[in-house]
Amino acid sequence: MDNYTEMYLDGSDGEKTPSELNDDRENMPLSDYLGPNRNSRKNENNDMLKKILSNTVEIMQSLKGLTSRIEKLEEDNKKMHCRQLTELSMTQKLIKPKKESPILKSPCNSVEEFEKLEDNLMKSPELNEKLEDEIFKTGTDPSKFVRSMWRKILSDNVASQYSWKGTAKKKAIDIMAVTNAFRGAYNRKFLGSDKEFGRATVKWFQTVKERHSKKKK
């Protein structure tokens, strides 16, 4: 009996019913159901994951090596910095700073010497500042400060040729550059006034003859 006769006897025209189609799908192998394209995509995804994992491992290894090199560079830099500091310290110990010579090494023993000091102060503002700082560092007692500093600036013989405001025979000391430097140091040191400084200076110059007479005796 041929297929046609079987279909005729079965009353079927050769087409499967919906129930039969469902039965066929349930009995179909999973690979046939998913199809070749689905398996291919799965394999591609697996290959991609493997590549990503491999690249990640390589990146991590590269980062680890880079971190090690950075740490070594930092360590070398610290050692170099310490070495430079040591060399600088040794150099500073070898090179001793030149000690500045004081302006007032000894009192001026002649009018010419005193006038030369005055002339230098008039020409150099820096020398004025240096003299003021030098005077500022001397003495602690305001009552003795003016007297002791004038003794360091000029001798009694030279002082006898000057007075505070000047006279027909004596030159004025109050307008001189050396006096201005002295006055500035006094005001800075004791927060005094020009009047206080002036009174102390006037008294010192007025007693020149008395001091000179005592020295002769």
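The values are calculated or read from the model by the stated rules, or taken from the named source; none is laboratory data. Everything numeric in this text was worked out from a predicted model, so none of it was measured. Virtual Cβ from ideal backbone geometry, glycine too; neighbours counted across all protein chains shown. The accessibility values were calculated without ligands, DNA or RNA, using every heavy atom of the protein model including side chains. Shrake-Rupley method; radii C 1.70, N 1.55, O 1.52, S 1.80 Å.
Peptides 128-141, 154-167 ordered by packing proxy, namely the average of other Cβ atoms within 10 Å per residue, highest first: 154-167, 128-141.
Taking all protein chains as shown and a probe of 1.4 angstrom, LEU73 keeps an accessible surface of around 120 Å². The calculated pair-distance distribution of the stretch 150-217 uses every alpha carbon pair, bins of 5 angstrom beginning at 0, and gives 4, 16, 26, 26, 15, 9, 3, 0 percent. For the stretch 136-217, the relative contact order comes to 33 percent (Cα pairs under 8 Å, sequence separation of at least 6). Using a probe of 1.4 Å, the accessible surface attributed to LEU191 totals some 150 Å² when neighbouring protein chains are kept in position. Excluding ligands, DNA and RNA, the accessible surface per residue across the stretch 95-217 is 66 Å² with a 1.4 Å probe.
Across the stretch 164-172, computed HN-Hα scalar couplings (Karplus, 6.51 cos²θ - 1.76 cosθ + 1.60, θ = phi - 60°) run 4, 9, x, 9, 5, 10, 10, 7, 6 Hz from first to last residue, x flagging Gly and Pro.
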